[in-house]
Amino acid sequence: MGGGVDLIAACDLRYCRADAFFVIQEINIGLAADVGTLQRLPKLIPAGLMRELAYTGRRMFAEEAKASGLVNAVFEDQETLLAEVRRVARSIAEKSPLAIHSSKEIMNYARDHTLEDALRYQAVWMGALTQGGELAEAFRAQKAGEAPAFKDLPPLEAQGK
C-alpha cells in the first residue's frame, strides 16, 4: 500500500497525467507510511501540506500536486506524457554524464547541509570536474559546430564501490 508515493518521492523528476492522484494510503489502514515517504516528501512539498496528507490519507489530485511542487508537469493523456518525458530524457542524455552526476550529488548534499558546507563541497566537485575533459569537449564541439561527444561514466564496480 502506498508504494507509488514512496517511489515518486525518491525520483528527481516527477510527471503525471491529469487524471492522476497521490495518497499516503498507509494511514487509512492503521499504519504510518514507510519506505521513505515521511522522510522524502517533506523536502518536496510544504510541511503543513505534508502533515495533512500523512494524517488524513486524502487524495491529492494532479493539479494540486503540480501547484505544491510534487510534480514537474501534468499532461492530458499518456501519449503526450510519454512524448514529453522522452524529450526531457533526451535533453539530459545529451549532457555530460559527469556533470549530471555531479549536479545531483551537489544538490543532494546542499539539501541536507548548511550553505557554507555545501559551497565547500561544491568547490571540491568543481575541481574534480575540470579535470575530466568534459569542458574541453564542450568547447571543441561548440567551436566545430557539433554536438559534444561525452564519454559514459564507468560502472560503479570499476570506481571501487
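The values are calculated or read from the model by the stated rules, or taken from the named source; none is laboratory data. Please read all numbers here as calculations on a predicted model, not as lab measurements. Positions of Cβ are backbone-derived with ideal geometry, glycine not excepted, and every protein chain shown enters the neighbour counts.
Of all residues in region 135-150, exactly one satisfies the criterion of being assigned to a loop (DSSP other than H, G, I, E, B), over 22 Å from the mean Cα position of the chain (by Cα) and closer than 21 Å to Lys104 by Cβ, namely Pro148.
Conditions tested, residue by residue: (1) hydrophobic (A, V, I, L, M, F, W, C); (2) within 24 Å of Leu44 (Cβ to Cβ); (3) modelled with pLDDT of 95 or more.
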| residue | (1), (2), (3) |
| --- | --- |
| Ser68 | no, yes, yes |
| Glu79 | no, no, yes |
| Arg87 | no, yes, yes |
| Glu94 | no, no, no |
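Among residues of region 133-152 being within 26 Å of Cys11 (Cβ to Cβ) and in contact (Cβ under 8 Å) with a residue 40 or more places away in the chain, the one that is surrounded by the fewest Cβ atoms within 10 Å (Cβ to Cβ) is Asp152.
For region 69-79, the criterion of being assigned to a helix (DSSP H, G or I) and free of Cβ contacts under 8 Å to residues at least 40 places away in the same chain is met by at least one residue. Residues that are of a type in the set (Gly, Ala, Ser) and at pLDDT below 90 within region 110-140 comprise Gly127, Ala128, Gly132, Gly133, Ala136, Ala138, listed in sequence order. Among the conditions (1) in a helix (DSSP H, G or I); (2) in contact with a Leu (Cβ under 7 Å, 6 or more places away or on another chain); (3) of a type outside the set (Phe, Trp, Tyr), Gly132 misses just one, which is (1). Name the one entry in Ile8, Ile92 that is loosely packed, with under 13 Cβ neighbours inside 10 Å, within 20 Å of the chain's Cα centre (by Cα) and closer than 30 Å to Phe150 by Cβ. Result: Ile92 is the single residue among Ile8, Ile92 that is loosely packed, with under 13 Cβ neighbours inside 10 Å, within 20 Å of the chain's Cα centre (by Cα) and closer than 30 Å to Phe150 by Cβ.
State whether the residues of region 32-52 include one that is over 22 Å from Asp6 (Cα atoms), over 20 Å from the mean Cα position of the chain (by Cα) and either at pLDDT below 95 or surrounded by 12 or more Cβ atoms within 10 Å (Cβ to Cβ) (or both). Within region 32-52 (the criterion being over 22 Å from Asp6 (Cα atoms), over 20 Å from the mean Cα position of the chain (by Cα) and either at pLDDT below 95 or surrounded by 12 or more Cβ atoms within 10 Å (Cβ to Cβ) (or both)), the answer is no, since none of the residues qualifies.
Taken together, the residues in region 80-98 that are in contact with a helix residue (DSSP H, G or I) (Cβ under 6 Å, 6 or more places away or on another chain) and in a helix (DSSP H, G or I) amount to 1. Comparison of Thr130, Thr114, Thr56 shows that the only residue that is polar (S, T, N, Q), in the same structural domain as Cys11 (by TED's automatic domain parsing) and either under 21 Å from Pro42 (Cβ atoms) or surrounded by 11 or more Cβ atoms within 10 Å (Cβ to Cβ) (or both) is Thr56. Filtering region 28-68 to residues that are basic (Lys, Arg) and in a helix (DSSP H, G or I) leaves Arg40, Lys43, Arg51, Lys66.
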